[in-house]
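Below: one structure, written as structure tokens.
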Amino acid sequence: MNPLALYLHIPYCLSRCHYCDFNTYVLDPPQSREYVRALAAEVRHYGAALEEPRQVETIFFGGGTPSLLPPEDLCALLEACRAAFPVSPGAEVTLEANPETVTAAAFATLLHGGFNRVSLGVQALQAGLLHVLGRPHTPARAAEAFAAIRAAGFRNVNLDVMFGLPGQSLRDWCRTLEGVLALGPEHVSTYGLTVEDGTLFGRLSREGALRLPAEGAHLAMYREAIRVLPAAGYRRYEISNFARPGFECRHNLTYWRQGEYLGLGAGAHGFLGGTRYMNHRLPAAYIAAVRSQGIAVATRERPSPLEHAEEALMLGLRLAEGIDLSAFTVRFDLQDPPIDPSALARLGGLGLIEAHGGRLRLAEAGLTVSDSVIVELAASLVLPAGIHA
């Protein structure tokens, strides 16, 4: 059976963080109970509607704050997935959580119910920075939550941390990394802050009231992460993600390798049969659509072959393994070489990319300017004769 990944979106939070532009809403308990029923119904619909059985290799409960829901509801949703799809015995099943929602008893229930991986949103280990971000937990609570997850029996835990925050110094970031390493998770995700429209930070930025570290300081923080974490045994396998051997996030690798996945829940995105789709964003609209149709798709889009190739290049170059140029050429019916040699020579001469053994990857110097490098390479794809962008 062809592999498939499932993403289930839980859109509820205790409050909205100042930087967050995800599809999230303050928890509404009566609505959340209806939402869980609708999500289970959508799972069942897709399980019955797929033309051929697909073995599920990863399931990811994201948000929002999925750990806000009662553990019994989360286990029931996971059981609905198992009832609707053939789920691999070794499937990776991840739950996103925030420290203020974690108890050892609840997470013991989740482990017993089939969850085997937790992604904990720590973000910073300084009380002042957490306050600036609008996070409701404290550094001590983050450490307590990690200990509770361990006490519940989880042996595959990711910690999310952020750099480039308002008022954050390089010393702050170093101390956060030291604190993370002292806890000893299996996986660490390090994200540079991006200021998005529609957020409090976005408004403050427009008003000139958001003081961010200078670009040089921001880059220094990233360089510190790619120095310190590998030295401690965490391999950088993607631009922002580090893992001990064997603990890479298999679900996210599905995205980066353009695998197929079902996006379930309000505002969730999916990719199936060459088509991308997005569900209705508002929980009330999502619930109503599932009740009437079984699904809640708001938009569908079928990328062109060129768009698909550009996306494969952009995603593949985020990975430390890079892309296999020969396989890439054949897969998308491109000319050989598939990228304009002058672009490869220019970027290679600057030390931003490297090609060895038929694979193209970002060099370490290219990691800090990855977006511009990847955009230039995508614009340099060589199309077959007669094919136009």
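Couple of notes before you dig in:
- For region 344-373, filtered to residues that are part of a loop (DSSP other than H, G, I, E, B) and among the small types (G, A, S), the residue that is surrounded by the most Cβ atoms within 10 Å (Cβ to Cβ) is A363.
- Restricting region 262-289 to residues that are within 24 Å of N116 (Cα to Cα) and in contact with a Gly (Cβ under 6 Å, 6 or more places away or on another chain), the residue that is surrounded by the most Cβ atoms within 10 Å (Cβ to Cβ): L262
- Residue list for region 44-65, filter: surrounded by fewer than 20 Cβ atoms within 10 Å (Cβ to Cβ) and aliphatic (A, V, I, L, M): A48, A49, L50
- Of the listed requirements (1) farther than 21 Å from L253 by Cβ; (2) touching a residue at least 40 places away in the same chain (Cβ under 8 Å), E301 misses just one: (2).
- In the set L120, L130, L125, L159, only one residue is crowded, with 21+ Cβ neighbours inside 10 Å, in contact with a Pro (Cβ under 9 Å, 6 or more places away or on another chain), without any contact (Cβ under 8 Å) to a residue 12 or more places away in the chain and under 17 Å from E100 (Cβ atoms); that residue is L130.
- Filter result for D340 (loosely packed, with under 15 Cβ neighbours inside 10 Å and outside the structural domain of E42 (by TED's automatic domain parsing)): no
- Residue in region 182-190 that is of a type in the set (A, V, I, L, M, F, W, C) and either surrounded by fewer than 20 Cβ atoms within 10 Å (Cβ to Cβ) or out of contact with any strand residue (DSSP E or B) (no Cβ under 8 Å at 6 or more places or on another chain) (or both) present: yes
- Residue satisfying all of: in region 105-154; among the hydrophobic types (A, V, I, L, M, F, W, C) and not in a helix (DSSP H, G or I); farthest from F61 (Cα to Cα) among these: L125
- Hits in region 191-223 - residues which are under 25 Å from R16 (Cα atoms), in contact with a helix residue (DSSP H, G or I) (Cβ under 7 Å, 6 or more places away or on another chain) and surrounded by 14 or more Cβ atoms within 10 Å (Cβ to Cβ): G192, V195, L210
- Here S169 qualifies as polar (S, T, N, Q) and over 23 Å from R318 (Cα atoms).
- Test: residue in region 20-39 that is closer than 30 Å to F163 by Cβ and without any contact (Cβ under 8 Å) to a residue 24 or more places away in the chain: yes
- Going through (1) touching a His at 6+ places or on another chain (Cβ under 9 Å); (2) not in a strand (DSSP E or B) one by one, G263 falls short only on (2).
- Residue match in region 157-168 (condition: in a helix (DSSP H, G or I) and within 23 Å of the chain's Cα centre (by Cα)): no
- Residue count for region 102-154, restricted to those that are under 20 Å from L77 (Cα atoms) and among the basic types (K, R): 1
- Residues located in region 191-222, provided they are assigned to a helix (DSSP H, G or I), aliphatic (A, V, I, L, M) and either in contact with a strand residue (DSSP E or B) (Cβ under 8 Å, 6 or more places away or on another chain) or not assigned by TED's automatic domain parsing to the domain that holds L130 (or both): M221
- Inter-residue pairs, beta-carbon under 8 Å, first among the acidic types (D, E) and in region 93-106, second at pLDDT 95 or above and in a helix (DSSP H, G or I), 6+ apart: E96/P66; E96/S67; E100/R141; E100/A145
The values are calculated or read from the model by the stated rules, or taken from the named source; none is laboratory data. Note that this is a predicted model, so its numbers are computed, not measured. Cβ: placed from backbone, ideal geometry, glycine included. Neighbour counts: every protein chain shown.
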